Amino acid sequence: MDKTASIKKQVLTDLFERTVLNGNPVFDNHLVKEVCNKHGFVNPFDATKLDNLSRFPEVMIKEDYFIIHIGGGRHKFVKGINKAFHVFEDIPSENVYDWKYRKSILNELDTSESNILSVASNQRIIHDFLYEDIVANPKVYNSRRTKSTFTYNIGEEIVEADKVQIEIDLTMEYHGQVTIFEGKNKFPKNFAVYQLYHPFLYFTELRKEPQHQEVLSAIKLLNCCYVLRNKVGGNSVLRLFNYVFDNADDMASLRLQKAAQYNLVKR
């Protein structure tokens with residue numbers, strides 16, 4: 001573990017002890033900055049960002065708590081890690097494919113989320129995986145940030161989020177199917193469900209607004225796709241996971257539809 005990650009865990013442990021163990025799980029950025037200064041953690045905005053369980057301090061794992069952002073610079077410790085963090089499923093051997101491709105100038109230039117998704121799209125991997133048609137021509141909407149206010153459940157926990165920031169890496173629309181994408185480098189074992197759920201809920205709530213109802217009523221299916229890329233033996237390997245939420249009001253209702261792995265084989 002690098003020094004920064006170790007200090008971040010100290011910050012999170014301190015925050016947990018000052019809040020949950022004192023009977024108040026809600027805290028704000030003022031406390032985060034205070035604790036970060038105490039431990040010498042230079043980026044307080046990163047302190048509460050936990051996208052997989054490897055970043056959790058021992059006390060949060062032991063006591064079964066995670067952090068959810070509720071907007072306005074406020075955060076909340078919530079019990080029930082398994083409701084908010086999802087383990088990536090194993091991909092069956094019959095869903096592992098060798099995908100021949102010719103590397104272009106900008107392919108794999110960096111390991112950013114944008115590049116990961118661009119490779120998956122440019123090589124028609126997304127088209128094969130989602131639409132089973134490599135010549136499909138979906139509409140593509142690039143990354144964006146927005147804010148939204150909504151109330152939802154995480155199992156039995158009710159979350160009221162006020163103008164919480166939402167990051168959407170990529171959106172595609174094809175024949176009434178709208179898919180929200182999240183991309184990550186390497187192969188983490190698990191992920192924070194809110195990364196998919198908040199964008200999903202954003203579109204779900206948008207469909208209810210009078211000014212958008214007529215247009216967005218054409219959405220037949222709203223789903224999510226997580227794309228991972230890692231280097232294996234010098235070649236890129238992409239893993240794609242297609243998820244839906246069975247209950248639009250409950251973040252814990254995530255369900256896998258299908259998953260596949262594409263091994264990029266250079267021509």
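The values are calculated or read from the model by the stated rules, or taken from the named source; none is laboratory data. In this text the structure is predicted, and so the values were computed from the model without any measurement. Please note: Cβ atoms are built from the backbone with ideal geometry, for glycine as well, and neighbour counts cover all protein chains shown. For accessibility, only protein heavy atoms count, side chains too; no ligands or nucleic acids. Shrake-Rupley method; radii C 1.70, N 1.55, O 1.52, S 1.80 Å.
Here are a few things to note about the model shown:
- Residue count for the range 208-250, restricted to those that are over 23 Å from GLN195 (Cβ atoms) and part of a loop (DSSP other than H, G, I, E, B): 6
- Considering only residues in the range 120-167 that are aliphatic (A, V, I, L, M) and without any contact (Cβ under 8 Å) to a residue 60 or more places away in the chain, the one that is farthest from SER104 (Cα to Cα) turns out to be ILE158.
- Failed item, numbered, when THR151 is tested on (1) out of contact with any strand residue (DSSP E or B) (no Cβ under 6 Å at 6 or more places or on another chain); (2) of a type in the set (Ser, Thr, Tyr); (3) at pLDDT 95 or above; (4) exposed (fewer than 15 other Cβ atoms within 10 Å of the Cβ): (1)
- For the range 173-228, taking the residues that are among the charged types (D, E, K, R) and in contact (Cβ under 8 Å) with a residue 12 or more places away in the chain, the one that is nearest to PRO138 (Cα to Cα) is identified as GLU173.
- Test: residue in the range 78-100 that is modelled with pLDDT under 95, closer than 26 Å to ASN242 by Cα and either in contact with a His (Cβ under 8 Å, 6 or more places away or on another chain) or open to solvent by 90 Å² or more (accessible area, probe 1.4 Å) (or both): yes
- Test: residue in the range 113-123 that is under 17 Å from the mean Cα position of the chain (by Cα), surrounded by fewer than 15 Cβ atoms within 10 Å (Cβ to Cβ) and either over 28 Å from TYR243 (Cα atoms) or modelled with pLDDT of 95 or more (or both): no
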